[in-house]
Amino acid sequence: LYTLYPDGINHATRQGLYPIHTAISSMVQSCLWVESDEDKWRVVDIVKFLLGDPRVKFQKLQVLVRVSLFAWAYFLEYNDANIDAALEVIKAIYDAHPEAIETDVIASASNDRHPQVQVFVNRQLSYSRQ
């Protein structure tokens, strides 16, 4: 599909979701099509592929406010079964757009995320403020 219509990765649905939001959302436990460990790592590969387009890192989801990719990935609820792949997705997003971690949404968020996600975010925030 990408070969036929490469700019499709930059088009949102009527609900405001871009393909990368759908991929990131599939990391959560309730997603039906990500059933195995292999599927979770395919999602990581998809997110990394999509981030290869420099415009993708700036795609925001409009819910009540505009939400960056990093915030979207940060606020999803992960469990011990999917945390390794989820952290790879979060790190890939951070590597593509490290400034997003400094948004008010992330900086003022409570510490109710998965502990490994919170450790990563706290470490990066500490580093970015030095």
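Calculated mean residue ellipticity at 222 nm for the chain: -13500 deg cm²/dmol, from DSSP H runs with n ≥ 4 weighted as -39500 (n - 2.57), summed, divided by the residue count and rounded to 500.
For the chain, the membrane-span-like helix rule (DSSP H, alpha carbon extent of at least 15 Å along the helix axis, mean Kyte-Doolittle at least 0.5) picks out 83-96; this says nothing about an actual membrane.
All other residues with a Cβ under 14 Å from the Cβ of R113 taken together, and with Lys, Arg as +1 and Asp, Glu as -1, what is their net charge?
Result for the neighbourhood of R113: -2.
Once both labels are positioned 7 Å from their Cα atoms along Cα-to-Cβ, the gap between Y127 and S36 label points is 3.3 nm. In this simple spin-label model, placing a label point 7 Å from the Cα along the Cα-to-Cβ direction at both R66 and Y2 gives a separation of 2.6 nm.
Compute the Cα gyration tensor for region 32-94, then decide on rounded, prolate or oblate, letting a ≥ b ≥ c be the square roots of its eigenvalues: rounded whenever a/c is under 1.5, prolate when a/b is larger than b/c in the other cases, and oblate in all that remain.
In terms of gyration-tensor shape, oblate.
Extending 7 Å from the Cα toward the beta-carbon at both E99 and T22 defines two label points whose distance is 2.9 nm. Look at the dipole of the chain built from charges on Cβ: of Q62, H114, T3, the Cα furthest out on the positive end belongs to Q62. Taking all protein chains into account, the per residue accessible area for the chain stands at 61 Å² (1.4 Å probe). Tell me which residues come under 5 Å, amide H to amide H, from Y18 once H is placed; ignore anything under 5 positions away on its chain. Under 5 Å from the amide H of Y18: T13. For the chain, with all protein chains in place and a probe radius of 1.4 Å, 55% of the accessible heavy-atom surface sits on carbon or sulfur.
Taking amide H as placed 1.01 Å from N in the peptide plane, the amide H of V67 sits under 5 Å from that of L61, Q62, each at least 5 places away or on another chain.
The values are calculated or read from the model by the stated rules, or taken from the named source; none is laboratory data. Quick caveat: nothing in here was measured; it's all calculated off a predicted structure. Neighbour counts are summed over all protein chains in view; Cβ atoms, including those assigned to glycine, are modelled from backbone coordinates with ideal geometry. Only protein heavy atoms, including side chains, enter the accessible area calculation; ligands, DNA and RNA are left aside. Shrake-Rupley method; radii C 1.70, N 1.55, O 1.52, S 1.80 Å.
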